[in-house]
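For reference, the structure is listed below as structure tokens.
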Amino acid sequence: MAKIFEVENLKVHFKLKGTFGSQKKTVKAVDGISFSIDEGEVFSLVGESGSGKTTTGKALLQLVPYTCEKMLFKGEVIENSKVGLKNFRQKAQMIYQDPYQSLNPRNEILDIVSEPLIVNKLTESEEDRLERSRIALEEAGMAPGEDYFFRYPYELSGGQRQRVVIASSMIMKPDFVVADEPVSMLDASIRTGILRLMMKFREETGVSYLFITHDLSLAWLISDKIAIMYLGKIMEIGNSDIIIKGAVHPYTKALVEIMPKPGQARLGERNVLEGETPDPTDVVEGCKFCSRCPVHMDKCAIEEPPMIEVEPGHQVACWRAMK
Amino acid sequence: MKLLEVKNLKTYFTIKQGTVKAVDGISFDLDYGEALGLVGESGCGKTTSALSIAHILPKEGEIVDGEILLEGVDLAKMSEKEISKYRWNDVSICFQGAMNALNPVMKIGEQIAEAVMLHQGLHEKKALEKAASLLELVDIPGERINNYPHEFSGGMKQRVMIAMALACDPKIMIGDEPTTALDVMVQAQILNLIEKLRSEFNMGFILITHDLSLLAETCDKIAVMYAGKIVEIARSQDIFEHTSHPYTDKLIKCFPDVTKGKLMPEGIPGTPPNMLEIPLGCPFAPRCEQVCNKCRQVAPELTEVGNEHFVSCHNWEVIANG
Ligand SMILES: Nc1ncnc2c1ncn2[C@@H]1O[C@H](COP(=O)(O)OP(=O)(O)OP(=O)(O)O)[C@@H](O)[C@H]1O
Ligand SMILES: Nc1ncnc2c1ncn2[C@@H]1O[C@H](COP(=O)(O)OP(=O)(O)OP(=O)(O)O)[C@@H](O)[C@H]1O
Ligand SMILES: [Mg+2]
Ligand SMILES: [Mg+2]
């Protein structure tokens, strides 16, 4: 299967400005992760707040400075020139979490949807712009498209706003989309429509998604593969059924166990992990999960476990998984 | 006597476009130590119900009818002056994203102490001691009163908000989406905490959410709201196992169930109702697959269809029998 993205040892470190006299600290937001995404695949990144999901997405889209051993988009290095980046940006788009903030309140829907066309100078005429915007809106489930052209975001519901966001990112016919919590602000009923829309685009255009979420059951539902992140590291990658039904990493197992399951009454207390996630500026030796791991060994605090393949397509970074 | 009895509560907002019947005749009760889940689409009136019970409605909003009996005393008809004694002391609310409301340049302990001083009239020193013990109650070491919010994780901050809501030993605590936007681990931590407090203090708890999957394992009873009304209310298991309202049925099917096969949810067809113009008849009729002529003309009443199980639908048997 052809790969849309291949990433090896990706790191994004932010230097914090120290207050006067104090030492400068570094946030290791993403600290050496490797994965690849197949063409047409939905690849989910799941992890707690601050684990580095958004930063990973931004790094792939060349929106934050990063280092890596390898980053290939469709098998090629992303050219770090103005033209190279411009070409790349047409093929790779981002959908943000909050449809209330990602739309400029002073712009009409038509301008919002057609903005990528304008920015990339891709429209031949005004008619062309109107026509393509109309089609984009209608494909996003807002028909007739022209009825929405001259409305403002505040006149639309949350679900409609998120459709506008999607219409605007799909108008470029991208090959790759980073969807950062695209439905977490939306109601269950609207959510389904948006997810179906995203999957419809995948079927029609073969677009690949990096889907960012903290909702494991949602990730399971829509993705082919899931990667579990903790403190800037990937702990486990596998196809979505393996992650839910055959997880190996103790962190993944803990997450799956406490997932709320609709309709099921709970017996006894939820098994919450002890302690708190370390501060991202702390230096953590060994496995990043060690301080909260219920089954850690002496070795775990000293040496970081490498990512190993436990079965084809299923990788885990845990000393316990080594045989 | 029940801890709380809400009878035919109606809360309307008057705005220039007309009247929003945000809560339009809801009834339920809550016992000591019991947890009730309130679930429904955005805009169906969940928050307004909570604000009515706690008597902190914005000025456009007014309780126009009904009773809110707290240990038998009707709060609905009380004057502003009479109610101030009950507000916070007996009913407290913890809001969604409340943790973002913490003041970043003020120590955690001072912020809790401020709430304690305001509502209980304690002196600063005593209030700080109370702040430390409240932190302990939510499983955060008392000495951390000297930390600033940025030194706390998201989950810890949300627990601080719960600590504040507990400052006056309320009889009822309302969580309005208290765990939305938090990851499963932090969510579980908060829910454990709430359960602990509920049994320790025999406190009544109302959990407001649009995430149905949370409710089965957290609440004793679930009330499903649609367009300002309760359309189905029952013991949690019955809501899932003997679903009887078409809206509840659709809502349940919106949530992925990892114990079942991967099936993209069907969603709920149509659009949420315009709260300014609720149509004649059943408000869900325009979106309902079981709709019949009667539904478009006569609004169904909430009727008992099983033990402690109430539904308002003319065709509930179609859903209940699958
Ligand atoms: N520009 C920045 N400067 C400094 N630190 C940053 C910056 N952006 C992100 N961080 C830090 O990097 C870490 C990872 O952040 P990131 O936003 O990627 O997390 P996330 O997994 O997307 O979390 P959430 O679920 O809350 O969105 C966090 O500790 C965050 O505070
Ligand atoms: N201050 C207000 N003035 C006018 N209308 C209001 C006001 N507050 C709420 N409403 C309206 O009352 C109805 C119920 O709102 P409410 O906030 O109770 O809904 P909710 O169920 O809590 O929704 P959500 O899940 O989005 O929080 C909505 O139609 C809303 O637009
Ligand atoms: Mg993020
Ligand atoms: Mg609300």
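The values are calculated or read from the model by the stated rules, or taken from the named source; none is laboratory data. Predicted model, so just to flag it, every value in this text is computed and none were measured. Note that each Cβ is placed from the backbone with ideal geometry, even for glycine, and that neighbours are counted across all protein chains shown. We work out accessible area using only protein heavy atoms, side chains counted, and drop any ligands, DNA or RNA first. Shrake-Rupley method; radii C 1.70, N 1.55, O 1.52, S 1.80 Å.
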- Query: Scanning the range B:17-34 for residues that are of a type in the set (Gly, Ala, Ser) and within 13 Å of ligand 2 (Cβ to nearest atom), which turns out most open to solvent (accessible area, probe 1.4 Å)?
  - Reply: B:Gly18
- Message: Quick test for you: out of A:Lys58, A:Lys53, A:Lys70, pick the one residue that is in the same structural domain as A:Pro182 (by TED's automatic domain parsing) and over 30 Å from B:Gln187 (Cβ atoms).
- Response: A:Lys70
- Task: Name the one entry in B:Glu110, B:Glu82 that is modelled with pLDDT of 90 or more, open to solvent by 20 Å² or more (accessible area, probe 1.4 Å), assigned to a helix (DSSP H, G or I) and more than 16 Å from ligand 2 (Cβ to nearest atom).
- Result: B:Glu110
- buried (at least 23 other Cβ atoms within 10 Å of the Cβ), closer than 30 Å to A:Arg191 by Cα, in contact with a strand residue (DSSP E or B) (Cβ under 9 Å, 6 or more places away or on another chain) and at pLDDT 95 or above: does that describe B:Gly37? yes
- Note on the structure: The one condition A:Met172 fails out of (1) touching a Lys or Arg at 6+ places or on another chain (Cβ under 7 Å); (2) closer than 20 Å to A:Gly206 by Cβ is (1)
- Task: Considering every residue within the range A:231-246, establish whether at least one is in a helix (DSSP H, G or I), of a type outside the set (S, T, N, Q) and away from chain B (no Cβ under 12 Å).
- Result: yes
- Item | Pairs with Cβ under 8 Å, 6+ apart, first in the range A:259-270 and open to solvent by less than 50 Å² (accessible area, probe 1.4 Å) and among the aliphatic types (A, V, I, L, M), second at pLDDT 85 or above and in a loop (DSSP other than H, G, I, E, B) | A:Met259/B:Val258
- Message: Given the options B:Glu241, B:Glu232, name the one that is under 30 Å from B:Leu197 (Cα atoms) and buried (at least 23 other Cβ atoms within 10 Å of the Cβ).
- Response: B:Glu232
- Condition broken by A:Gln315, with the remaining ones in (1) more than 13 Å from chain B (Cβ to nearest Cβ); (2) crowded, with 20+ Cβ neighbours inside 10 Å; (3) more than 30 Å from A:Asp38 (Cβ to Cβ) satisfied: (3)
- For B:Leu102, are the conditions met, namely being over 25 Å from B:Asn202 (Cβ atoms), more than 16 Å from ligand 2 (Cβ to nearest atom) and open to solvent by less than 30 Å² (accessible area, probe 1.4 Å)? yes
- Note on the structure: The residue from A:Met199, A:Met259, A:Met185 that alone is under 28 Å from A:Arg161 (Cβ atoms) and facing another protein chain (nearest Cβ under 8 Å) is A:Met199
- Query: Only one of (1) open to solvent by 40 Å² or more (accessible area, probe 1.4 Å); (2) more than 13 Å from chain A (Cβ to nearest Cβ); (3) of a type in the set (Ser, Thr, Tyr) fails for B:Thr259. Which number is that?
  - Reply: (2)
- Options A:Asp215, A:Asp224: the member that is within 14 Å of chain B (Cβ to nearest Cβ), open to solvent by 50 Å² or more (accessible area, probe 1.4 Å) and within 18 Å of the chain's Cα centre (by Cα): A:Asp224
- Task: Confirm whether B:Gly267 is touching a Lys or Arg at 6+ places or on another chain (Cβ under 8 Å) and more than 13 Å from chain A (Cβ to nearest Cβ).
- Result: no
- Note on the structure: Quick count over the range B:168-212, residues being facing another protein chain (nearest Cβ under 10 Å), over 23 Å from B:Ile56 (Cβ atoms) and open to solvent by 10 Å² or more (accessible area, probe 1.4 Å), is 10
- Item | Verdict on A:Ile308 being farther than 20 Å from A:Ser51 by Cβ, loosely packed, with under 13 Cβ neighbours inside 10 Å and not assigned by TED's automatic domain parsing to the domain that holds A:Ile243 | no
- Yes or no: B:Glu67 away from chain A (no Cβ under 14 Å), away from ligand 4 (no atom under 16 Å from the Cβ), open to solvent by 40 Å² or more (accessible area, probe 1.4 Å) and closer than 30 Å to B:Gln237 by Cα? yes
- Message: As an exercise: evaluate A:Tyr100 against (1) away from ligand 4 (no atom under 16 Å from the Cβ); (2) open to solvent by 30 Å² or more (accessible area, probe 1.4 Å) and give the number of the one condition it does not meet.
- Response: (1)
- Message: Out of everything in the range A:262-308 that is assigned to a loop (DSSP other than H, G, I, E, B), over 26 Å from B:Lys221 (Cβ atoms) and of a type in the set (Val, Ile, Thr), what residue ends up being nearest to the other protein chains (Cβ to nearest Cβ)?
- Response: A:Thr277
- Of the numbered conditions (1) farther than 23 Å from B:Gly25 by Cα; (2) under 14 Å from the mean Cα position of the chain (by Cα), B:Met225 satisfies every one except a single condition; which is it? (1)
- Message: I'm checking my understanding of the structure. Among residues of the range A:116-174 that are of a type in the set (Lys, Arg) and over 25 Å from A:Ser208 (Cα atoms), which one is surrounded by the most Cβ atoms within 10 Å (Cβ to Cβ)?
- Response: A:Arg129
- surrounded by fewer than 15 Cβ atoms within 10 Å (Cβ to Cβ), more than 16 Å from ligand 2 (Cβ to nearest atom) and in a strand (DSSP E or B), is that true of A:Lys86? no
- Taking the stated definitions as given, is A:Cys300 closer than 29 Å to B:Met156 by Cα and touching a His at 6+ places or on another chain (Cβ under 8 Å)? no
